[in-house]
Every structure is written in C-alpha cells, then in structure tokens.
Amino acid sequence: MPISELLLEAGLLMLVGMVVVFVFLTLLIFATKLLSKFAGQEELPQTLPAHPTSGEQAVPEHVVAAISAAVHQYKKNQK
Amino acid sequence: MPISELLLEAGLLMLVGMVVVFVFLTLLIFATKLLSKFAGQEELPQTLPAHPTSGEQAVPEHVVAAISAAVHQYKKNQK
Amino acid sequence: MPISELLLEAGLLMLVGMVVVFVFLTLLIFATKLLSKFAGQEELPQTLPAHPTSGEQAVPEHVVAAISAAVHQYKKNQK
Amino acid sequence: MEGLMTLWQSTALANFQSGQVIMMLVGGLLLFLAIKKGFEPLLLLPIGFGAILANIPLGGFTEEGGVLYYIYYIGIETGVFPLLIFMGVGAMTDFSALIANPKMLLLGAAAQFGIFATLFGAILLNLIPGFNFTLQDASAIAIIGGADGPTAIFLASKLAPELLGAIAVAAYSYMALVPIIQPPIMKALTTPEQRQIKMEQLRTVSQREKILFPLAVLFLTILFLPAATPLVGMFCLGNLMKECGVVDRLSKTAQNELINIVTIFLGLAVGSKLNAEDFLSVETLGILALGAVAFGVGTASGVIMAKIMGKFSSKPINPLLGAAGVSAVPMAARVVNKVGLEANPHNFLLMHAMGPNVAGVLGSAVAAGILLALVGG
Amino acid sequence: MEGLMTLWQSTALANFQSGQVIMMLVGGLLLFLAIKKGFEPLLLLPIGFGAILANIPLGGFTEEGGVLYYIYYIGIETGVFPLLIFMGVGAMTDFSALIANPKMLLLGAAAQFGIFATLFGAILLNLIPGFNFTLQDASAIAIIGGADGPTAIFLASKLAPELLGAIAVAAYSYMALVPIIQPPIMKALTTPEQRQIKMEQLRTVSQREKILFPLAVLFLTILFLPAATPLVGMFCLGNLMKECGVVDRLSKTAQNELINIVTIFLGLAVGSKLNAEDFLSVETLGILALGAVAFGVGTASGVIMAKIMGKFSSKPINPLLGAAGVSAVPMAARVVNKVGLEANPHNFLLMHAMGPNVAGVLGSAVAAGILLALVGG
Amino acid sequence: MEGLMTLWQSTALANFQSGQVIMMLVGGLLLFLAIKKGFEPLLLLPIGFGAILANIPLGGFTEEGGVLYYIYYIGIETGVFPLLIFMGVGAMTDFSALIANPKMLLLGAAAQFGIFATLFGAILLNLIPGFNFTLQDASAIAIIGGADGPTAIFLASKLAPELLGAIAVAAYSYMALVPIIQPPIMKALTTPEQRQIKMEQLRTVSQREKILFPLAVLFLTILFLPAATPLVGMFCLGNLMKECGVVDRLSKTAQNELINIVTIFLGLAVGSKLNAEDFLSVETLGILALGAVAFGVGTASGVIMAKIMGKFSSKPINPLLGAAGVSAVPMAARVVNKVGLEANPHNFLLMHAMGPNVAGVLGSAVAAGILLALVGG
Ligand code: NA
Ligand code: NA
Ligand code: NA
C-alpha cells in the first residue's frame, strides 16, 4: 500500500475510532445513570450491616488461634 | 436399538447397578469395621498432643513480625 | 560400545566434571568476593530501615481490621 | 465511511441469532440465581458468565483460538478439572462420622437408587416423540441424582458431552434447591415420632483410622471397580493429604487456591457448552424434569432405607438421616438437622447426618464407575 | 581432552553473538529499572530476566522444548495469560467513583486520543526510510497509549507478535514514568486557579449498582463491540466476582495467587520475545518514541476534555482529572492528586481521579476492540 | 447377567498382573515411609499415591486420556515442573551464609565427587551380567548424589526417562535418610577434637550483595555452562525475586501456592513412571545401591575437602561442614549441627553449615549442566 493511502486509512481509523470510543462511553454514561436510578441507594441499610459479617470465613478459628499464639509470642518478645 | 430393548437394558443396569453399589458399600462397612478394630483408639494419647504443634509453620517469625506491627497499628488507631 | 571404552569415557567424565565444577565454583568465589568488595556493607543503614516498611502491602488495612477483630475475639474467648 | 460499515458489520446487533439471545438470558438467569438467590454461586456464577460469553456473536470464545475453547479443551475434555475439584473436595471432607458409624454407608448406597431409577426414566421418556436418549445420554443424565457436581461433569464429559451444559446446570441448581426439594418428601415418609428419634453419640475416631480409611476405599475400588478409580482415587488422595498430617501445605493448597482456580475455569468451561443448538431443545426440559425426579427418588429411597435399617438395628436410627445419603455435602445434612429440629428442638442430627452425607459422595462416585464400566465402552 | 573441547564448544563464550550480548544488557537494564528504580517491578523484573534467559547462546529457552517456548506458546499465543491478568485486575478494580460520577467516562474516552494519534504518527514515521509499519503494526504500537499492560500484550500478540517485546517494554516503562511524563503537560495546559478547583463530594454507591455496572459494561460491549469482549468480558467477570459478595474465595484467588502465577509466566514469556533480531532495529526506537508521544497526547487530550467539560458543567470540574483518563491505575490518579495538592494543599483529588482512571481502563479496552475489529481481520 | 459379566471383566481382580500388585505394594511402602517415617512426605506421598494409581489394571491413568498421562506429558516431558520447583526453592533459599564466607563453595564442589564417582560406578556395574547402563543412564543415576530432587528429575527426564521413577524415588529416599547415612561417615573421618572446632562468627551481608549474588551466579553459568542455565536460571530468578524486595507478592506465590500445586503434580507424574516393566528389574536394585554410594562418597569427599581446607586456612574450619556440601537443604546442615553438638554442646554449626549446604545446590546444578552438555547431545 502506498504511504498516502496508509495515511488516509490511519486518519480514518483515528476518526472512526474516536467517534466510536466517545459514542460507546457516552452510552455507558446513560446506562450507568439508568442503573443508578433503578438500583441506587434503596438497599443500603440492608446491605451495610450484612457486608462486614458476610464473609464465608470472617475470622476462622484457626486464624484466631494462630494470632492468639502470635500475640502471646509478641508480648513475650517485647519484655 | 428398539425402545423395548433399551428399556430392558436400562432395567438391567438399574438392577446390576444397585446390587453393585450395595455390595461395594457393604464391603466397605466391613473394611471400615476391620480398620477400626486394628487401628482405632489406641494411639490417641500419643497423637493428640502431637497434632497442634505438628504444623510445619506453626507461627513463622515474619508472621509474628507482621502481626506485631499490625497490632501496634491497631492499638494506635484505637486511640 | 565395549565396556572398556565406556569405563574410559566415564573416567574422563569424572575428571572433566570435577575439574569444571571446581573451576566454576572457584570463579564464583572470586566473583562473590568482588561483589562483596563493591556492594558490601555500605548501604546497610540505608536499607535496614527501608526493609520493614518497603513491602508493597506492609500491613494492608483489611488485615489490620481482620486482626483487630481476631484480637477482640481472642480477648473475649480468654475471659 | 467504509470503516464504520466494517464496524457495524462487526457489531453483535448485526449478527445476533435468536438462540444466542435466549442463551444469554439463560446465562443471566444463572447469574441471578447465583448472586441474588445464593444458588451454588461458586459454580453457577462462572457457568452463567461463561454462557453469556459463549453466545456473543463474533465473540469467538468457543472457536479455536478463543479462551473458552482452550479452557474446555484442556480441562474438561481431558477430565482433569473435575478430578482436581474432586481432589480438593476430598481434602475438605471429614470421614470421622462415617468411620464411627460405618453402617451409614447403606444410606449412601440406597440414595443412589435416584440415579438408576432416573436412568430408567430417561429411557422411558423416549416413548414421548422428540426424545431420543441413548443409554450413554441416560446415564449421564441420571448421575444428576448423585447430587455431586464434579462427578456429573466428569461422567457427562465422557458419555454425553453435548448434554454437559444442561446436566451441570441441572445438577448444581437442584443441589441448591435441596432445602426446598427434600423436606416435603422427608415429612411425607416419616411420622413426627420417627423424626424425633435421638441417635447415640458418636465415638471419637483415631487419626490412624482416618488415614487408613481413604486407602481402604481406594483399595476396594481398585479391586472391584477400576472404572471408578479416577474419581475415587483423586478424592482419596485429597483426603489422605488432609488426614496424614505431614503434607499440610499441599492439603491447604488443594483445598484453597488450586480448587478456586480450577473452579473458575471449570465454571467458564461448562458455561461455554451452553449453546443454543444443544441447550434449546426439548431434551433439556427432559433433563430438568429427570433431575428433579432423581433428587426426589434418591431422597425417598434413602429415607425408606433408614426406616428399614431402624427396624433391624439394635440402636435407634432416625429415618431423616436417609435423606442425607444423596450427598450434596453439607447442604443435605443441614436439611436433615433442620427438619429434625422442627420435630424436636433439642435433637441435633447434624453430626450424625454427616456420615450418610459423605457416604453419598462415595456412593455416587461408585455409581459413576459402574456406569462408565457398563455403558462407557 | 575431547571432553574439554566438547565442553568449550558448549560454552557461551565460544558462541556469543553480539546481538545476544546487547539484549542481555537490555534485560539487565530492565532488572535495574525494576529493582533500583521501582519501574513496575512486578512485570519488568520477569520480563528483564526472561530477556536474559532468552538470549543465552545454546540455552535453548525459546526453541521447541525450552521452558520459555512452552510458556509463550501456551499463554501468550492463545491470549490466555493477558486475559487472566485482566480478570484479576477486574477483581481489584473499584468502580464506585465512576458510578457516582459517570460523566468521568468522557475523560477516559478523550484520553484514548493518545492511541489513535499515535497510530497516525506510526504511519507517518514510514516517511522516514527504515520504517515500514503496517496498519497492524501501527495499531499494536498505538495501544501503548492505552497505558494498560495486559491490553497492550493481548493486542500485540494478535496484530504484531514480532513487536510484542518492544511494545510491552515500552508500555510498562512509560506507565512507570507517568509521574515524570504527566505533570509538566498537566501544568502547561492549566492555570494555578484551575488546578485549585474543588470537586463536590462523591455520593456513596449501593452494592446493587456495583454488581450491575460490570454487567452493563459487558452488555454494551456485546451489542456494539464484540471484538472487545474477550478483554472486557474477563475484566467484568473479575469485577463481578469481587462485587457480588457471594464468591469471595474465587475473587481473592483471582486477585492474588492466580494473577501472581500468571504474572510470573507472562513476564517471562514477554521477555522471551526480546531477541536481537526483532528488538535491535530502528523500529524499536520508533516504538519508544511513539510510546512517549502516546502518553503525552493522551494526557493532554484528557486535560483539554476536562477543561471543555468544566465549561459546560454546572458542577466544578478540576481539569487535572483529565490526566487520569489514560488509566495507568492507580499511578495516574495519584499524580493528579499530587499535582492538585501542589496547587492547594487542602484539595484531595485522589477519589475523584479514580473515576476517570478506571474509565481509562474501559476506554483502552474499547479502543483495542475497535482496532481488532477494523485492522485485525 | 451379561451386565454382571461385563462388570466382572472390568474389575481389577480379573485383570491383575503380578507386576502391578508389586508396584502397588511399592507405592504403599512409599506412603508408609512418607506418613509414618516422615521421609520427604511432600514428594513421597504423591509419588507413592501416583504409583498406586498408575498400576491399576484398566485404570488407564497413564494411557492417553488418563490424568497422569497428561500431567506427565505437560509437566515432566517438557521439564517445566522441575524448573518451577527449582524457582520456588530459589525463592526459599538464603545465600547470606555463603556470601559471608564464599570459600564454602569449595565444599559444595568437593561433595559433587559423589556424582561423578557414582557415574563411574554405574558403568562398572555393567561388568555384572544383567546391567547394561549407557553413559546417559549412568549420568542420570549419578545425579542422585546431587541430593537434589528437582535436579535429579530434570536430568533423568532428559537423559533416561525410563529410569526416572527409580531415580526420583532413590533421590528423595536417601535425602530423607541423610540423618542416618551421614553421621557414621562424618565420625569415621574426623577426630573428636576436629569436630569441636569453633568457627568465626559470620558477618552480616548487605541486601545489595544478596540481590547481586544470583545475578553473578547466572552470569557465570551463562558464560561457561549454558547447559545448566535452565536449572540455574530458574533458581536464580526465584532467589532474585526473594531478595530484591520489590516483588514480594510474586516471591511468596512462588514459595507457596505455585510450588505446592506443582509439587502435587510432579509427585503424581513421577509416581506414574513407577510401572512394573521399568521398575521391577535388577537395574533398580543397582540404582538403589549406587544412590547409597553416591551419598556416602559425596559426604566423605566433602569432609575430606574441609579437612584439607582447614590445613591451608588461617581461620579454623570444622571438617563436619564438608558433609553439608551434598545439599539436601536444610537436612544436611542440621545433621552437621547435631553431630557438632554431640562433640561440643556449645558449638552451634547450623548457620555455618548453611553456606556449604546452598553451595551444594549450586554444585549439583552445575554438575547436571556438565552432564547435559557432555552426554546429553
Ligand atoms: Na451422591
Ligand atoms: Na487506558
Ligand atoms: Na547437591
């Protein structure tokens, strides 16, 4: 391909590319706003307390054991 | 294969399958009882104390260090 | 290959192998000494304090949170 | 504006087929069930997402060169992923309750009637025009009654790969529905008095027994059912790693990082088989119906077996325990516990139900081996 | 002494080619930058090490049977490794700031001008004798402006595998240089008053919004840009796993062990493409120059877009935020924060900059999809 | 009853060959040694289990389509698994003691005489009818004397795959036996006075030295022994990741999850090579005998070298340190410490023994490289 044609192609790509990027992300703006309208805020009080304790393994017992041992060891080292 | 034959096959499979499942798991009952007879109970006092400390990495030093730092940070945050 | 020839080969391998191992590791001795000459000691004060805090995730907040929870739980269990 | 034309031609909008849209909705439904309803989310979330990705027009996920193609080809076609999951499950399984009371194995055996009755039922369905299940298909469908995801995927990948998607979805969905499917059946087959039966406390089990148990299982499987050894073998390896106490770092990796990584991939790969061609057929409806039958029959036969055993046993046996024989660990055992508590708020059956529960895992792996041996050739 | 002769013949000393020596020095330089200068060490250390290994005479690392050959072949040629990294990055990304202020997506869009301007620039370079970039090459080079490592590697592996090494090195190097490249451009395009603009506080975002956002992104991508679905899809899968809250163990594995394992391999595999033949050419110099242009143009167009938006917006918009649109998460957002603090020590922009920052990730994945669709065929 | 017949034909009972039974017993023995005796359980447990699985009649584990087949094919035949293990070992190795006292490298060199003497011994065994070792076989066997599992597996997979099972088993077994094999040899070659020699305290080593050391090792290997670069390179990569301090998350993954996953697979794959055909031969007995010789000679030559060095050194050198030169990290160093403490309860040699211990790892990787270069072609 001669370079002039390549440049034309590249220019077109630049144009089309930026247009599509902007169109796409603008659509996403609207989608997000729509989303927030229907899904936003309402269930906050319900989820907030649920979250911190929801973890499948909040603090498993053996971790507590390990940490208690470690804390113990740490205290001993401090002396 | 005509469906009557398929049904016969399926019925046979059902019969053979359930028989084998039961025979197999019954054998396993006996095997487990045998096992318990020879391997059960006796070594309990010996293993129980061994287990909690057996870990290859009970509480490695760097964990202790990390935790001591974390505890420190936590105490600071509490104030 | 007749066994005598194999034995000769094996003997040669033994000789060449041991020579090369010694030469190589001797070179490494010199390289290490050179290394220590140029890179040893000087930056100790500078790195020592840097090391404990250098970690990308020295003690991330959620770990602190988990540990604080665990410590809390541990203290409760102690009572 | 040739570029824009090319771009339009490369959009999904210009290429969507109705089947793909429906399959995406199926994928979305699975995501909804996983996230909002908590249906086995660890599997159904990646499966649902995989289904969406697999049905993107021009997405190319399932064609050679696509990421889902590679994952399926490497992990499922070889059988490696379900086996690794099974190893991890083995490393998470505690056989103590079963070793303490090995008779519970009979409950795990009885519940497998759900599998074999379903096999027969699948062939019966052929009487309805539109259904045309081979013995292989019927076997792969029937294993849904095993209530064990990796076993179902492993068997389906060997016997009926084109049904794999529907089978896996049915298996995991019904496993999630165990708390809804089982209680009515359990209550219909038992009286309130029977449900209140208290069990004797289980003895403690020595470490040596726990180490030797997986080896004994493997040994018997080798002798009598080599076709089941891939599943049982990897399961026993995981369990041995857990119990032996000398390879804790391997056991922990098998239970955590390795099984997590494989679960993500396995789910995506299963999802990639949810294509319109295979899934949107009357056969899928048949599979869903048969799956429900399988769980119901398995539950019922477990409970009935427990009642029979109770008659002949010197020690009391609560018939509810039979329902745990379908496996679906630990959900079925929890259901037993819950239904038991409804009858008697002081009767905790959970530990006792773990015995038949893990027996059910072995039972369905054995059943899978039988099916592989008899119709797999 | 035939043995010693064989041994000598098998030493590197007897076989070194000058190109290999230079490439090893390049590898050493990357190690230096990674370790001593802290340039994206997670990637540049394995890349640098891989470059050294790949250039060992008679080492055979990149020939069939060599370990780097297998890693490249399995992980990069299939595209699997960059996609898994992207899944992990998705699982680490928090879209809250963007959902709270979705207009920031425009900044992520504007910054992609860095990509397309560089594409044009790469073709322009063909005017200089010695350069001979095809549209594919130019596209792969341009994606450096996306400031996103896995996206760059994924695209380069599809469009211009022989430039992969140089492109990946340039991408990661410039990402590390963001704190040096961006501030002068940001300051040149803004007045001190503009840099002091305070933003309104962001509202909190509900969990449901965070769950639905990745699905919305995926949905739009499916509709309009299926070529971007491998990247966007895996990213959204990771993000969904993180936000849905029901598969925490999968999400944590994706963010930690899985991404770490893949990062080691990805780095080594990229390093294995740093061979003298491909790398020691004037084209590499061109790529490095174009990469700098890409980052600069992206930063500038982001800032300019932010200024334009500020004019039309009812709420104040600090133009510095535009610079975060290039992605390079979270470095670019931190740079914005830092430059903002220089103007006003009480104005913390970090949280606000996270919006355009993650928008930039989406923007460059979209741009990659466009390039794949238009020049990838 | 055709079904039952088919089922019987598909049982192992109807198909067992005596060789398979014996190999299963060997597998069981390995499990016993691993679990009950604590012989290198991380490797010997999966190896033993793999051996059992591989010898199941009709199990099909090692045939195309079987899970062990895939694991071996992907991980060992390519050399990838041993190299990843080596990377992880590198990330766990601390060279401080060696950098502080580099002369200890000579002990690591001397102990490799165990390898080369064994090579000669293996060829000598050919004088006995029934033995027919090629130079390749002899080299692969000799590397047992390197007391380094992944090195042995890597070399055996390249030079003598059919002996891989026996070699790996011998290597790991003797490594576990180091506390039994070494002390008598150490005591026979030293006087109680020599064993009481106190060493000077080691200086602290700077981080910069620790970072540059693996690079120096790699550099020399590249120059003089490219054939050793796969092993040494991956080892140095791991060590560099550990020491550089900027990629801690990669280093930790390499030391933990990655090496654990690979260890499970490597063990199973090695076990899959324990088939009757290859293993139940007089050659295996020869390998076991030669392995013991290798460890013994290596220990002895290390101790003798230490005594020679002690004569010429201005600073005192405890000859026991030589025994640590065989590697078997950290077991051999511990043995040195223990034997030292028996002679003088206040003389702790552990830290000093770590120097020759890690030197032994380098030494055997170098030896492996030499063998690959000279007989690998
Ligand atoms: Na089951
Ligand atoms: Na970007
Ligand atoms: Na060694």
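Given the structure, is residue D:152 more than 16 Å from ligand 2 (Cβ to nearest atom), in a helix (DSSP H, G or I) and without any contact (Cβ under 8 Å) to a residue 40 or more places away in the chain? Before you say what the answer is, go through the steps one by one.
On the way: more than 16 Å from ligand 2 (Cβ to nearest atom): yes; in a helix (DSSP H, G or I): yes; without any contact (Cβ under 8 Å) to a residue 40 or more places away in the chain: yes.
Yes: the conditions hold for residue D:152.
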Go through (1) more than 10 Å from every other protein chain (Cβ to nearest Cβ); (2) open to solvent by 10 Å² or more (accessible area, probe 1.4 Å); (3) of a type in the set (A, V, I, L, M, F, W, C) for residue F:86 and report which single condition fails.
(2)
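Residue-wise test of (1) within 30 Å of residue D:374 (Cβ to Cβ); (2) under 31 Å from the mean Cα position of the chain (by Cα).
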residue	(1), (2)
F:9	yes, no
F:15	yes, no
F:19	yes, yes
F:36	no, yes
F:45	no, yes
Exception for residue F:177 within (1) open to solvent by less than 20 Å² (accessible area, probe 1.4 Å); (2) under 30 Å from residue F:352 (Cβ atoms); (3) within 16 Å of ligand 3 (Cβ to nearest atom) falls at (1)
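Go through F:148, F:94, F:137 for me and flag whichever is within 14 Å of ligand 3 (Cβ to nearest atom), charged (D, E, K, R) and open to solvent by 10 Å² or more (accessible area, probe 1.4 Å).
Working: F:94 fails: within 14 Å of ligand 3 (Cβ to nearest atom); F:137 fails: within 14 Å of ligand 3 (Cβ to nearest atom).
F:148 is the lone residue from the list that is within 14 Å of ligand 3 (Cβ to nearest atom), charged (D, E, K, R) and open to solvent by 10 Å² or more (accessible area, probe 1.4 Å).
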Residue hits (the stretch F:324-342; open to solvent by less than 20 Å² (accessible area, probe 1.4 Å) and assigned to a helix (DSSP H, G or I)) are F:324, F:325, F:326, F:332, F:333, F:335, F:336, F:339, F:340
In the set E:321, E:285, E:362, the lone residue that is at pLDDT 95 or above, under 30 Å from residue E:134 (Cβ atoms) and of a type outside the set (Gly, Ala, Ser) is E:362
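This table checks each residue for (1) within 24 Å of residue E:277 (Cβ to Cβ); (2) of a type in the set (S, T, N, Q); (3) within 9 Å of chain F (Cβ to nearest Cβ).
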site: E:5; (1), (2), (3): no, no, no
site: E:20; (1), (2), (3): yes, yes, no
site: E:24; (1), (2), (3): yes, no, yes
site: E:29; (1), (2), (3): yes, no, no
site: E:33; (1), (2), (3): yes, no, no
site: E:40; (1), (2), (3): no, no, no
site: E:53; (1), (2), (3): yes, no, yes
site: E:80; (1), (2), (3): no, no, no
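Condition first: open to solvent by 10 Å² or more (accessible area, probe 1.4 Å) and assigned to a helix (DSSP H, G or I). Now tell me which residues in the stretch D:32-41 satisfy that.
The answer is D:32, D:33, D:35, D:41.
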Out of (1) buried (at least 22 other Cβ atoms within 10 Å of the Cβ); (2) within 14 Å of chain E (Cβ to nearest Cβ), the odd one out for residue D:256 is which?
(1)
Across the stretch E:343-373, which residue is nearest to the other protein chains (Cβ to nearest Cβ) among those that are away from ligand 2 (no atom under 14 Å from the Cβ), assigned to a helix (DSSP H, G or I) and in contact (Cβ under 8 Å) with a residue 40 or more places away in the chain?
E:373
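Counting only residues that are within 16 Å of ligand 1 (Cβ to nearest atom) and open to solvent by 30 Å² or more (accessible area, probe 1.4 Å), how many does the stretch D:343-377 have? Talk me through it step by step, then tell me what you get.
First, pick out the residues of the stretch D:343-377 that are within 16 Å of ligand 1 (Cβ to nearest atom): D:353-372.
Of the ones still in play, those that are also open to solvent by 30 Å² or more (accessible area, probe 1.4 Å) are D:354, D:372.
Selection size over the stretch D:343-377: 2.
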Any chance the stretch D:245-253 includes a residue that's crowded, with 24+ Cβ neighbours inside 10 Å, within 14 Å of chain E (Cβ to nearest Cβ), in contact with a helix residue (DSSP H, G or I) (Cβ under 9 Å, 6 or more places away or on another chain) and more than 29 Å from residue F:40 (Cβ to Cβ)?
no
Hey, could you check the stretch E:276-306 for residues that are more than 16 Å from ligand 2 (Cβ to nearest atom), touching a helix residue (DSSP H, G or I) at 6+ places or on another chain (Cβ under 6 Å) and not hydrophobic (A, V, I, L, M, F, W, C) and say which is farthest from residue E:320 (Cα to Cα)?
E:278
Could you pull out the residue among F:105, F:29, F:44, F:53 that is open to solvent by 10 Å² or more (accessible area, probe 1.4 Å) and of a type outside the set (Ser, Thr, Tyr)?
F:29
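Of these, F:292, F:328, which one is out of contact with any Pro (no Cβ under 9 Å at 6 or more places or on another chain), at positive phi and in contact (Cβ under 8 Å) with a residue 12 or more places away in the chain? Please lay out each step first, then the result.
On the way: F:292 fails: at positive phi.
Exactly one residue qualifies, and that residue is F:328.
Mind listing whichever residues of the stretch F:214-238 are open to solvent by less than 10 Å² (accessible area, probe 1.4 Å) and more than 17 Å from residue E:30 (Cα to Cα)?
First pass over the stretch F:214-238, keeping only residues open to solvent by less than 10 Å² (accessible area, probe 1.4 Å): F:214, F:217-218, F:221-222, F:225-226, F:228-229, F:231-238.
Scanning the stretch F:214-238 gives F:217, F:221, F:222, F:225, F:226, F:228, F:229, F:231, F:232, F:234, F:235.
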Every listed condition ((1) in a loop (DSSP other than H, G, I, E, B); (2) within 10 Å of chain E (Cβ to nearest Cβ); (3) touching a Ser or Thr at 6+ places or on another chain (Cβ under 8 Å)) holds for residue D:15 save (3)
Residue check, residue F:264 open to solvent by less than 10 Å² (accessible area, probe 1.4 Å), under 24 Å from residue D:253 (Cβ atoms) and either of a type outside the set (Lys, Arg) or at the interface with another protein chain (Cβ under 7 Å from one of its Cβ atoms) (or both)
yes
Within the stretch E:298-318, how many residues are in contact (Cβ under 8 Å) with a residue 12 or more places away in the chain, open to solvent by 40 Å² or more (accessible area, probe 1.4 Å) and in a helix (DSSP H, G or I)?
2
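The values are calculated or read from the model by the stated rules, or taken from the named source; none is laboratory data. Since the model is a prediction, treat every value here as computed from it, not as a measurement. With ideal geometry, Cβ positions are generated from the backbone for all residues, glycine too; neighbour counts draw on all protein chains shown. Ligands, DNA and RNA are excluded from the accessible area calculation, which covers all protein heavy atoms including side chains. Shrake-Rupley method; radii C 1.70, N 1.55, O 1.52, S 1.80 Å.
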